[in-house]
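First up is the structure itself, then whatever we jot down about it.
The values are calculated or read from the model by the stated rules, or taken from the named source; none is laboratory data. Everything numeric here is computed off the predicted structure, so don't read it as measured data. Glycine also receives a Cβ, built like all others from the backbone with ideal geometry; neighbour counts cover every protein chain displayed. Surface areas here come from the heavy atoms of the whole protein model, side chains and all, with no ligands, DNA or RNA. Shrake-Rupley method; radii C 1.70, N 1.55, O 1.52, S 1.80 Å.
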Amino acid sequence: MDKSREALAHYHRKRNFDKTPEPSEGGQSGTQTLSFVVQKHHASRLHYDFRLELDGTLKSWAVPKGPCLDPSVKRMAVEVEDHPLSYAGFEGTIPAGNYGAGRVIVWDRGTWEPVGDPHQGLAKGDLKFNLRGHKLRGRWVLVRMKGKEGEKKSPWLLIKERDGEVRPVDEYDVLEAMPDSVLGLKEPSARKPAKPAEIKPPPKATLPATLSPQLATLVEAPPAHSDDWLYELKFDGYRLLARIEGKEVRCFTRNGHDWSDKLPELVKALRTLDVRSAWIDGEIVVDGEQGAPDFQALQNAFERSATGRIVYWMFDVPYLDGHDLRETPFEQRTVLLRGLLGEKAPPQLRVSEAFDAAPRDLLAAAARLGFEGIVGKKRDSAYVSRRSPSWIKLKNGLRQEFVIGGYTAPAGSRNGFGSLLLGVHDGSGKLQYSGNVGTGFDEARLSDLKKQLDALAAPSSPFAQAVPTTVKVAQWVKPRLVAEVAFGEWTRDGRIRHSVFQGLRTDKPASQIEREKPAAAPKAAAKATPATPAAARVRVTHAERIIDKASGTTKGELVAYYQRIAPLMLPHLKGRPVSLLRAPEGLAGELFFQKHAQRREIPGLTLLDAELDRDHEPLLQIDTDAALVSAAQMNTVELHTWNATSSAIAKPERVCFDLDPGEGVPWPRVQEAALLVQALLDELGLAPFLKTSGGKGLHVVVPLKRHYGWDAVKDLSQAVVVHLAQTIPDRFVAKSGPKNRIGKIFVDYLRNGFGATTVAAWSVRARPGLGVSVPVEWDELPALKSGAHWTLPTIEERIAIGNDPWAEMDKRRSGLAAAMRKLGFKPANPST
C-alpha cells in the first residue's frame with residue numbers, strides 16, 4: 001500500500017479534493033484479473049484517458065484521438081500520472097478552475113491480460129496485452145517513442161494488433177459508433193484474441209549536425225478533400241530550426257546560418273524543455289499591437305538588440321530523444337511537440353495549433369486577425385527537407401520577396417527616396433524588373449533604408465533589361481537587399497501593382513529570389529511548368545459552381561487543374577482527334593459527348609479536314625494549353641483520343657486493352673488480370689504500358705508501328721481477348737454487357753475501331769470523386785488501391801513523376817506480324 005501511495009503522490013499534488021469530485025483514495029486490486037478503463041474526457045480539448053491496473057494503481061495515458069480498431073492507425077498516447085483504482089468508476093464534471101476541468105464518462109471498461117511480464121514491457125517501452133472490454137477487445141500494444149525510462153509525460157503509441165477484432169477505420173469508427181458510457185452494462189464476456197502482428201517503434205538515430213527545413217508549396221486554392229489535411233496560421237516572421245543536444249542549443253535559419261548569438265533569450269528558453277535531444281522546426285515572430293505577427297517589429301527587434309520580445313512558434317519535431325520521427329505522420333508529430341511544453345513553459349515558446357477546420361473559413365478568419373494566410377499539412381505526411389506538395393500555403397493576398405535594384409528620388413516633403421525598384425531572378429539567373437514600391441514606409445524606415453542603399457550605390461542597372469522610361473531612376477544599387485512586398489496583382493508584362501512595403505529580409509540571399517508561382521512543385525518544374533499567358537487569359541465563368549458533390553470540387557478548380565497539367569497532358573492530345581465529355585450542369589446533370597464541331601464555340605480548338613471523317617462536321621483536335629483550358633471553361637470534364645494521329649488517320653499506332661471489371665470483381669482480381677494481360681502480350685512480342693483508368697479498371701496500351709489498318713488492329717485485339725477468355729474462363733469474358741461480366745473482367749477490344757476513343761492520360765473522369773487516368777510503371781501495380789487511385793484532389797503528389805512511366809513508349813513500337821502468327825490469326829484485309 002505504501003508503494004501505491006508513493007505512486008499517487010503526483011496525482012494528489014495536482015488536485016484540491018475539496019473542490020473536485022474525483023476520488024483521492026480507494027479501490028481494490030483484483031486477485032485473479034486486472035482491470036482497465038477508458039474515460040472520455042471533455043476537458044479544454046476532448047481526449048480519452050486509457051488506464052491499466054498494475055501494482056495497486058491505474059497506469060494512465062492521455063490519448064488525444066482515442067483508440068482505433070485499425071492497425072494502420074497508430075494513436076499517440078501521452079503518459080500521465082498514476083490514478084487510484086477507484087478512479088475507474090468515476091463519472092462526473094470536474095469544476096472550472098481545477099486541473100482537468102470538464103466532463104468525464106466511462107467510455108469502456110473490462111479486464112486486461114499482459115503478454116509476458118508487464119513491468120519489463122513498461123521498462124522496455126513495448127507493452128503487449130489483451131483487452132476484454134465492451135468496445136475494445138483483442139491484442140493491443142503500447143510502444144514508447146522515447147528511450148528514457150521513468151520519464152514524465154513520455155509519448156507512446158497505442159496500436160491495435162492484427163487479430164479477429166480488427167475493423168478498418170474507413171468502415172467502422174468505434175468512437176463515433178459507440179460514443180456513450182458503459183456504466184450499468186454487465187461485465188464483458190471472454191473471447192480468445194487472435195495472433196498479433198509485430199509493431200516497431202520509430203527508428204533510433206543520432207542527432208544530425210544539420211537539417212534543412214521542409215518548405216510549403218504555394219497553391220491557388222485548398223484541396224477539395226480537406227479531411228486529410230490540418231491547417232495552421234501562417235506566421236509573418238523568420239523560419240528557425242532549433243537543435244538541442246543536452247544543454248547545447250543552437251538556432252539556425254532556413255539557409256543554415258547560426259543565429260544563436262542573436263537570440264540569447266530564446267536559447268535560454270529552449271534549454272528549459274524536458275528533452276535530451278531534438279531538432280525543432282518553427283517560426284520566430286514579434287506580436288503587433290493587434291496580436292498578429294508584425295514583420296517590421298521583428299526587424300526592429302534585431303536592429304535594436306531587443307530580441308527578448310521574440311516568440312518562437314514551434315510546428316514540427318523531426319528528431320526527438322534519439323529517434324528519427326521524419327516518417328512518423330505529421331499529426332502524431334504535433335502531439336509529441338505539444339507534450340514538450342509543460343505548465344510552466346517560458347512565454348517565448350509556443351506550439352502552433354493545427355486546426356481541423358474548413359480551410360476557406362480558416363483563411364477568412366486569418367485575414368480578420370491580420371495573418372498573412374494559412375499553411376495546410378497532410379495528416380499522414382512525412383517530414384522531408386525540400387519543398388513538398390504535402391505542405392501547402394494559401395495566402396489572403398499576393399506577397400513575396402523582391403531584390404532591390406535602385407530607387408527614385410523623393411517628391412514633395414518626403415525624405416530619403418521615392419520608391420524602390422524591384423526585381424526577381426528568372427530561370428537563367430538574370431534579374432528582371434518587376435515594378436516598384438513607394439508605400440509602407442515611415443520616416444525612420446526611410447532614413448534607415450537610405451543609409452543602407454547609399455552603401456550599395458552602383459554605376460549601372462542590375463536589371464537584365466531596361467526599365468520603362470516613365471521610371472525616373474535616381475540611383476542604381478548593387479542587388480543585395482531583399483524586400484518583402486504585398487501587392488494586388490501581376491500584370492501581363494510581369495509587373496506588380498498596388499504594392500506595399502512590408503520590410504527587409506535578412507534570412508534569404510538575394511540570389512535565390514524568384515517569382516513565386518502557385519502550385520509549382522520543384523521536382524515537376526521541368527515537366528509541368530505554368531501555362532502560357534494565352535491560357536491564363538481564358539475567362540472562367542461560374543468558377544464557384546460545384547461540379548462534383550462527392551469531393552466538393554468547383555468548376556474553377558477543374559479549370560485550374562487542366563491549366564496546371566497541360567504540359568503533361570498535351571503530348572497525349574497533340575495531333576490526334578479528340579472527343580470531349582461535357583457536363584454543363586456538373587456531374588449530377590446531363591452529360592454529352594462532342595466529337596465534331598458545328599461551330600467555333602470553344603476558342604483555340606483545331607478543326608480537322610472534314611475528309612478525315614466523311615459525312616460529319618470536322619473532327620476536333622487540342623494542340624495548345626489555351627485550347628485545353630478553353631475546353632475546361634466550356635464544361636469539359638473528360639478528354640478522349642483516337643488511337644491514330646490526324647496525319648495518318650488510316651493506320652493506328654497503338655492498341656488499347658481496357659480492363660473493365662464486372663459486378664462483384666474485387667480489386668486484387670483486376671490487378672491480377674492486368675498481370676495476365678501483360679504476360680500474354682510479352683509472349684506475343686508486344687510492349688505493354690499501363691495506366692489507371694480513373695474509373696473502375698486499368699488500361700494496357702501497346703505502341704504500334706503503322707503497318708496495318710483499323711480492321712486488322714481491331715481483329716487482332718479481339719483475338720487476344722478471345723484467347724484470354726478461352727484460356728482462363730473463370731477470370732475473363734469476351735462478350736460485353738453487364739450480365740456477361742458478373743464476377744468476371746471484360747477486356748474491351750472495341751476501343752480499337754475507327755472512330756473509337758479511350759480516355760487520355762491525365763484526364764479527369766466524370767464520376768463522383770473525380771478520378772484521374774495516370775500512367776504508371778508495372779512495378780507500381782501492387783500498390784494501387786483502385787482504378788481511381790489518384791483523384792483531382794490528390795493528383796498533385798503524382799505530378800513530379802509525370803510521364804516517366806511511358807518514356808520508352810516511342811522506342812518500343814512493335815509490328816504485329818509475329819503476334820498474328822502466334823495467335824494463328826491472319827487479317828482479311830491488312831490495309832483497312
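Taking every protein chain into account, the 1.4 Å probe leaves residue 656 with about 0 Å² of accessible area, to the nearest ten. Between amide H atoms placed 1.01 Å from N, distances below 5 Å from residue 421 occur with 405, 406, 407, 408, all of them 5 or more places distant or on a separate chain. Okay, which of the stretch 272-291 sit inside 19 Å, backbone N to the point 7 Å along the Cα-Cβ direction of residue 204? Correct set: 275-279. Summed over the residues of the chain and divided among them, the accessible surface reaches 45 Å² per residue at a probe radius of 1.4 Å. Each Cα pair under 8 Å and six or more residues apart adds its sequence gap; the mean of these over the residue count of the chain is a relative contact order of 7 percent.
The trypsin sites (Lys or Arg not before Pro) found in the stretch 612-678 that occupy coil by DSSP, while having at most 13 further C-beta atoms within 10 Å, are 614. The modelled label-to-label distance for the pair residue 93/residue 574, using points 7 Å beyond Cα in the direction of Cβ, is 7.0 nm.
Calculated on C-alpha atoms, the gyration radius of the stretch 625-701 divided by its Kirkwood radius gives an Rg/Rh of 1.07. Here residue 708 sits with roughly 40 square angstrom of accessible surface, probe radius 1.4 Å. Take 230-242, 721-733 and order them by the average number of nearby Cβ atoms within 10 Å per residue, most first; the result is 230-242, 721-733. Computed from backbone phi, the HN-Hα couplings of the stretch 244-259 come to 10, 9, x, 9, 8, 10, 10, 10, 10, 6, 5, 9, x, 7, 7, 10 Hz, rounded to whole numbers (Karplus: 6.51 cos²θ - 1.76 cosθ + 1.60, θ = phi - 60°; Gly and Pro given as x). Subtracting the Cα-Cα distance of residue 541 and residue 807 from 0.36 nm times their residue separation leaves 92.1 nm of extension gain. The orientation-averaged shadow of the Cα convex hull for the stretch 755-806, equal to a quarter of the hull surface, comes to 4.3 nm².
Just to check, using Stokes-Einstein with a Kirkwood Rh over alpha carbon pairs, what's the diffusion coefficient of the stretch 692-832 at 37 °C and 0.692 mPa s in µm²/s? My calculation gives 195 µm²/s for D.
Residue order by solvent-accessible surface for 83, 707 is 707, 83, largest first, with ligands and nucleic acids left out and a 1.4 Å probe. Our estimate of slack between residue 452 and residue 124, defined as 0.36 nm per intervening residue step minus the Cα-Cα distance, is 112.2 nm.
Pop the C-beta distance of residue 588 and residue 245 into the FRET formula with R0 = 45 Å and round what comes out to the nearest 0.05. It comes to 0.20.
What share of Cα pairs, in percent, lie more than 20 angstrom apart in the stretch 311-388? Within the stretch 311-388, distances greater than 20 Å cover 42 percent of Cα pairs. Evaluated over the Cα positions of the chain, the convex hull gives a direction-averaged projected area, one quarter of its surface, of 43.2 nm².
Helical runs (DSSP H, four residues minimum) scored at -39500 (n - 2.57) apiece and divided by the length of the chain put the mean residue ellipticity at 222 nm at -5000 deg cm²/dmol. For the stretch 118-132, putting each phi into the Karplus relation 6.51 cos²θ - 1.76 cosθ + 1.60 with θ = phi - 60° gives couplings of x, 5, 5, x, 5, 5, 6, x, 8, 9, 9, 6, 10, 10, 10 Hz, in residue order, rounded to whole numbers and with x for Gly and Pro. Looking at the stretch 260-360, the GluC sites (Glu not before Pro) that sit in a DSSP loop and have at most 16 other Cβ atoms within 10 Å of their own Cβ are 289, 327, 343, 353. Residues in the stretch 163-169 carry Karplus couplings, in order, of 7, x, 9, 5, 9, x, 5 Hz; the curve used is 6.51 cos²θ - 1.76 cosθ + 1.60 with θ = phi - 60°, and Gly or Pro positions show x.
The fraction of accessible area contributed by carbon and sulfur in the stretch 696-752 is 49 percent, rounded to a whole number (1.4 Å probe; ligands and nucleic acids excluded). For the stretch 251-301 versus the stretch 574-593, the inter-centroid distance based on Cα atoms is 53 Å. For the stretch 330-417, with all protein chains in place and a probe radius of 1.4 Å, 52% of the accessible heavy-atom surface sits on carbon or sulfur. Its Cα gyration tensor gives the stretch 1-117 an equivalent ellipsoid, and the semi-axes of that ellipsoid, as √(5λ) in whole Å with the largest first, are 21, 20, 12.
When DSSP beta bridges are restricted to pairs lying wholly in the chain, around 95% turn out antiparallel. Of the chymotrypsin sites (Phe, Trp or Tyr not before Pro) in the stretch 34-142, the ones in a loop by DSSP (not H, G, I, E or B) with at most 16 other beta carbons within 10 Å are 99. Cα-based values for the stretch 244-381, radius of gyration first and Dmax second, are 15.6, 42 Å. Label-to-label distance for residue 260 and residue 506 is 1.9 nm, based on points extended 7 Å past Cα in the beta-carbon direction. Place a label point 7 angstrom from the Cα of residue 607 along the Cα-to-Cβ direction, then list the residues of the stretch 546-589 whose backbone nitrogen is under 16 Å away. Taking a point 7 Å out along Cα→Cβ of residue 607, the residues of the stretch 546-589 whose backbone N falls under 16 Å are 578. As a fraction of the 1.4 Å probe accessible area of the stretch 241-299, surface on carbon and sulfur atoms comes out at 43 percent.
Once backbone amide H atoms are built at 1.01 Å from N, residue 690 has 701, 776 as its partners under 5 Å, excluding neighbours fewer than 5 places away on the same chain.
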